1. If you check 44, 34, 59, which single one turns out to be surrounded by 13 or more Cβ atoms within 10 Å (Cβ to Cβ), of a type in the set (A, V, I, L, M), more than 30 Å from residue 139 (Cβ to Cβ) and touching a Phe, Trp or Tyr at 6+ places or on another chain (Cβ under 9 Å)?
2. Which one of the conditions (1) at pLDDT below 90; (2) touching a His at 6+ places or on another chain (Cβ under 8 Å) does residue 56 fail to meet, given that it meets all the rest?
3. Of all residues in segment 18-27 being charged (D, E, K, R) and part of a loop (DSSP other than H, G, I, E, B), which is surrounded by the most Cβ atoms within 10 Å (Cβ to Cβ)?
4. Which one is farthest from residue 96 (Cα to Cα), of the residues in segment 15-64 that are free of Cβ contacts under 8 Å to residues at least 24 places away in the same chain and aliphatic (A, V, I, L, M)?
5. Of all residues in segment 70-99, which are under 18 Å from residue 124 (Cα atoms), modelled with pLDDT under 95 and β-branched (Val, Ile, Thr)?
6. If the requirement is being within 13 Å of the chain's Cα centre (by Cα) and surrounded by 14 or more Cβ atoms within 10 Å (Cβ to Cβ), which of these qualifies: 126, 64?
7. When you go through 108, 135 one by one, which is the residue that is touching a strand residue (DSSP E or B) at 6+ places or on another chain (Cβ under 8 Å), under 15 Å from residue 24 (Cα atoms), touching a residue at least 40 places away in the same chain (Cβ under 8 Å) and of a type outside the set (D, E, K, R)?
8. Return the only residue of 15, 8 being at pLDDT below 90, of a type in the set (Val, Ile, Thr) and within 14 Å of the chain's Cα centre (by Cα).
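The values are calculated or read from the model by the stated rules, or taken from the named source; none is laboratory data. Values in this document were obtained by computation on a predicted structure and should not be read as measured data. Cβ placement follows ideal geometry from the backbone for every residue including glycine, while neighbour counts extend to all protein chains displayed.
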Amino acid sequence: MLKAVPDVNIYISGVIKREGHANQIFKRAAEFTLYSSEPILKDLERVLHYDRVQKKFKLSEAKIIDYLSAVRDTHLLTPRLLEVSIVHDDPDDDKIVACALEAEADYIISGDHHLLNLKHYRDIQIVTPKAFLEILDQEKASQ
């Protein structure tokens, strides 16, 4: 089964755009294994609490708590043993790569150009949500 680590922007898009690619990925989560880590979840919680995000998308504290709980329930969490320095233009993205390495993930799903510009790191492909959905479709067709 494929293993994937979503970037924080994918979680945000999944909450905000109910019909978007990111939301479709989470709806298809039974087709692959999702991984995250405590640093990623802390960053997600921080972003969900931005005033502009809460106001624009009407995210109450209860909705944020429910969403974070759902992520915890549907993802395997890595132990956060690795520290990497790969994304020089945005070191905050290193936690995504570290999680993917610990999970031995096949994919990082991101909309962030700092990660997408890498294209891959070791055996991990870094793809957009749309590209990941196409990969899932190909996997499904080959079975």
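1. 59
2. Tallying (1) at pLDDT below 90; (2) touching a His at 6+ places or on another chain (Cβ under 8 Å), residue 56 fails exactly one: (2).
3. 18
4. Across segment 15-64, the extreme among qualifying residues is 62.
5. Correct list: 84, 86, 87.
6. Going through 126, 64 in turn, just one is within 13 Å of the chain's Cα centre (by Cα) and surrounded by 14 or more Cβ atoms within 10 Å (Cβ to Cβ): 126.
7. The match here is 135.
8. 15
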